[in-house]
Amino acid sequence: MKNISLLAVFFIAAGIVFCGFGMLTIKNLSSYLGMLGDRVEIVLFLNDSVSEEGKAAMLEKIGGIDVVEKTKYTSKDEALADFKRYNELSDQVRILDKNPLPATIDVYLKEKSPEMVRSVAIELRSMEGVEDVYFTSSEAENLVLLERVFKKIVGLYYLLLSVFLAASVLCLAVSLGKMKIIYGIIDAVAGAAFGIGGLYCMYKFIFIKNFKSVLFFTNPELGIIFVISLILGVAVRIPKNVMEKK
């Protein structure tokens, strides 16, 4: 047991927690940005006079535009049902003789820049059968800003991560005694167990509790973390073993 380095176990576990927490944050922020991207859309309000054939033709034409990722059609009846379900004015709507809500087509774009959203919205406004157009240009602008900030944060994080890993390996290689490489594997397994356990606790009590996140590392990702831990555990033993043989 004395041949197992508590220092190595600590550094490996701390490295997993430090690196893993940052990766989980990046993973969940990426998911959040993806959800924001789904909110960047163009909504076409259709005339009541448009026939079913006309609506089908419109959907086909819109779907053929290169930058359009997907479309979603909502009929008047579906719009009214949603309005009654979620809107506080639903009681007032029930007393009307006819459905005042129009059929709509939600248009989602592959490229979500403010300029592209605005350009496509203007193009679609001129389509026959379109009464009005709503487009989320402000959401697109916010998304672009968030993506820029996120990329800078990711770059800074990976820089700090590289410095931390290099410093950890150097400190361990200098500090550890002339121990067999097999003990490095034991250190790695113990460190990985403590590190992944600590990560899961942080995930459970920080991400799920405060942010309602459901994203954790997949089994392949955990496998990669474990393999990297083994490599580090063995690598820090090599210099002293080489010196001992000489």
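Laboratory data are not the source of any read-out in this text; all were calculated from the coordinates shown. Since this is a predicted model, take the numbers as computed values, not measurements. Backbone-built Cβ (ideal geometry, glycine too); neighbour counts: all protein chains shown.
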statement: Taking a crude spin-label model, label points 7 Å out from Cα along the C-beta direction, the A57 to A14 distance in nm is 7.1
message: Which of R237, R125 has the fewest other C-beta atoms within 10 Å, and how do the rest follow up to the most?
response: R125, R237
- request: State the extension gain, in nm to one decimal, for the chain segment bounded by I181 and A193, taking 0.36 nm per residue of separation less the distance between their alpha-carbons.
  value: 2.4 nm
- request: Determine the gain in length on full extension of the stretch S49-E123; use 0.36 nm per residue of separation and subtract their C-alpha separation, reporting nm with one decimal.
  value: 24.6 nm
Whole-Hz ³J(HN,Hα) from phi, Karplus 6.51 cos²θ - 1.76 cosθ + 1.60, for the stretch 216-229, glycine and proline x: 10, 5, 6, 4, x, 5, 5, x, 5, 4, 5, 5, 4, 4
Cross-link pairs K27/K61; K27/K76; K112/K152; K27/K209 - those with Cα-Cα distance over 28 Å: K27/K61; K27/K76
field: In nm, spacing of pseudo-spin labels at I206 and E147 (7 Å Cα→C-beta vector)
entry: 2.7
